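The values are calculated or read from the model by the stated rules, or taken from the named source; none is laboratory data. On a predicted model such as this, the values are computed, not experimentally measured, just so you know. Note that we place each Cβ from the backbone using ideal geometry, even for glycine, and neighbour counts take in every protein chain shown.
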Amino acid sequence: MVKAKIAKMVLDKDFVVGEIDDRIFGSFLEHMGRAIYEGIYEPGHPKADSAGFRTDVSELIKELRVPIIRYPGGNFVSGYNWEDGVGPVEDRPVKRDLAWESIETNEVGTNEFCGWAGELDIDVMMTVNLGTRGIDEARNFVEYCNSPTGTYYADMRREHGEKAPHDIKLWCVGNEMDGFWQIGHKPAEEYGKLARETAKVMRIVDPTIEVVVSGSSLREMPTFPQWDATVLDLAYEQVDYISLHTYFTNFDNNLKNYLALSVGMESYIKSVVAVCDYIKEKHGALKTMHLSFDEYNVWYHSRPGMVTPTGGWQKAPHLIEDVYNHEDAVLLGLSMITLLKNADRVKVACLAQLVNVIAPIMTRAVGPAWRQTIFYPYLHASLYGRGTALLPSIQSPTYMTQSFPVIEVPFLDGIGTMREEAGELTIFAVNRDADSPLDFTCELRGFSAYKILEHIVMVSDDPKAVNTEENPDNVIPKKDGDASIDGGAVKALLPPLSWNVIRLKR
Ligand code: AHR
């Protein structure tokens, strides 16, 4: 029996990070691979509804309580004409999607997607094309989606069978415009001016919308953080959020390095906050810029090397269908903890993506849908992580990595979230150590009369174990943790390499 390491956390009801915006539990669906076609939409499927959407997939999405979905891309959007996806389906053009070298039939477009999302009580976070297009198309699109009838584009929507506006509140102006791979990639000055003018005009059409400007595509971009500073300097007054994107890889199969990547995510957030606050001060602005972490996930199983896949000019090709293992679920849990720890500034976050394409939900055409390992930490955070984020004080043994040579990575990571009125407290905790358990104590201050409701543990004898169509419940969480409470302290043994959710109630 390996001796447990000792780790401690303190949660004080008065030490608050901030209110958690529900949109932090958002996700992303792009017209890419089998996310839409054969993912959420498959008219020939035995479980499809009358509109062609798969009810088995919708049920899994409902389980996750996804509050908002970013749509329709991603790289796809930078070559997309929204007009191709509205009106009678039989009249819609079949086009080449240049981002993923696939065929886009446009069977699903704005109205179908908004209708489906509305049924599931999910808000849409819409992205406009600033790659091949500009202000004119963006303003027309906002009118089409949000304006009451009586003018050209709003009346066009009514003619397309949608009298009531979709009332989309959150809009992204472009996607990853700093990336050389992006269709219509631009230098920061050019993009910053275009984003500012586009946002300005979109807000004239609908002053109630909020706008996300494209920050760097990843922290490792050579232009980070100057891109973000330049763009914000030009557009600060017209936008509400700046985007961040991160994809985790484990090409060298080094678990210690891999699980430290959430530490990098944390410092990426802090750096972007610093940029935002620098520009705020420079402008003498009253408004605080918030962060939209609108693409994050593990993405490497499907791409040996960093080669960008293409779809071979097929409809719904099998693109980047990563099969996730237990290690990935633990890292995803760490990412959720990181987002919650920064809930004062991160107001929107989108797990990229939701179905088939680097996704928690997988489907087979004319077959079943199942939950990948990463489904579970996302589910737990979404169900039990809402309310107020508490600032955790953590004392833990640490380890060093090659990825972050100067940072001591704690074996324990965690956060507390509370819903005070409901008398609910949740502790999310990860043991990064694959070799020994953590003897965990969480001292609670201001939570007298709270009792343990359950201790959910996700652990696996095989860190590489995955869920598949044949074995969909190979790695699942169990409510068999040993958490107990005594005199204001929660005690639990956190198994090696585990994701833990300890739920308490008054
Ligand atoms: O999510 C897959 C792709 O990753 C998106 O299209 C793009 O925005 C990012 O590079």
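Tell me whether the range 377-396 contains one or more residues that are of a type in the set (Ser, Thr, Tyr), buried (at least 24 other Cβ atoms within 10 Å of the Cβ), away from the ligand (no atom under 16 Å from the Cβ) and not in a strand (DSSP E or B).
No, the conditions are met nowhere in the range 377-396.
Taking the range 14-37 as the search range and keeping residues that are within 25 Å of residue 76 (Cβ to Cβ) and among the charged types (D, E, K, R), which one is surrounded by the fewest Cβ atoms within 10 Å (Cβ to Cβ)?
23
Do we have residue 286 as farther than 30 Å from residue 475 by Cβ and not assigned by TED's automatic domain parsing to the domain that holds residue 468 here?
Yes, satisfied.
Restricting to the range 43-67, count the residues that are under 28 Å from residue 159 (Cβ atoms) and crowded, with 23+ Cβ neighbours inside 10 Å.
Selection size over the range 43-67: 1.
With respect to residue 40, is the statement that it is modelled with pLDDT of 95 or more, buried (at least 16 other Cβ atoms within 10 Å of the Cβ) and within 16 Å of the ligand (Cβ to nearest atom) true?
In short, yes.
Would you pick out the residues in the range 288-315 that are more than 15 Å from the ligand (Cβ to nearest atom) and touching an Asp or Glu at 6+ places or on another chain (Cβ under 7 Å)?
Residues satisfying the conditions are 290, 312, 313.
Name the one entry in 110, 105, 151, 132 that is over 19 Å from the mean Cα position of the chain (by Cα), β-branched (Val, Ile, Thr) and within 16 Å of the ligand (Cβ to nearest atom).
When all the criteria are applied, what remains is 132.
Criterion first (modelled with pLDDT under 95, hydrophobic (A, V, I, L, M, F, W, C) and within 26 Å of residue 495 (Cβ to Cβ)) does residue 407 satisfy it?
Spelling it out, residue 407 is indeed modelled with pLDDT under 95, hydrophobic (A, V, I, L, M, F, W, C) and within 26 Å of residue 495 (Cβ to Cβ).
Take residue 92 and tell me if it is of a type outside the set (A, V, I, L, M, F, W, C), modelled with pLDDT of 95 or more and away from the ligand (no atom under 16 Å from the Cβ).
Considered against the rule, which asks whether it is of a type outside the set (A, V, I, L, M, F, W, C), modelled with pLDDT of 95 or more and away from the ligand (no atom under 16 Å from the Cβ), residue 92 comes out as yes.
Which members of the range 151-207 meet the condition of being in a loop (DSSP other than H, G, I, E, B) and among the basic types (Lys, Arg)?
Those that are in a loop (DSSP other than H, G, I, E, B) and among the basic types (Lys, Arg): 163, 169, 186.
Please identify the pairs in which a residue from the range 207-221 that is at pLDDT 95 or above has its Cβ atom under 6 Å from the Cβ atom of a residue that is small (Gly, Ala, Ser) and more than 11 Å from the ligand (Cβ to nearest atom), counting only partners at least 6 apart or on another chain.
Between residues of the range 207-221 that are at pLDDT 95 or above and residues that are small (Gly, Ala, Ser) and more than 11 Å from the ligand (Cβ to nearest atom), the close pairs are 211/199; 212/292; 213/195; 213/235.
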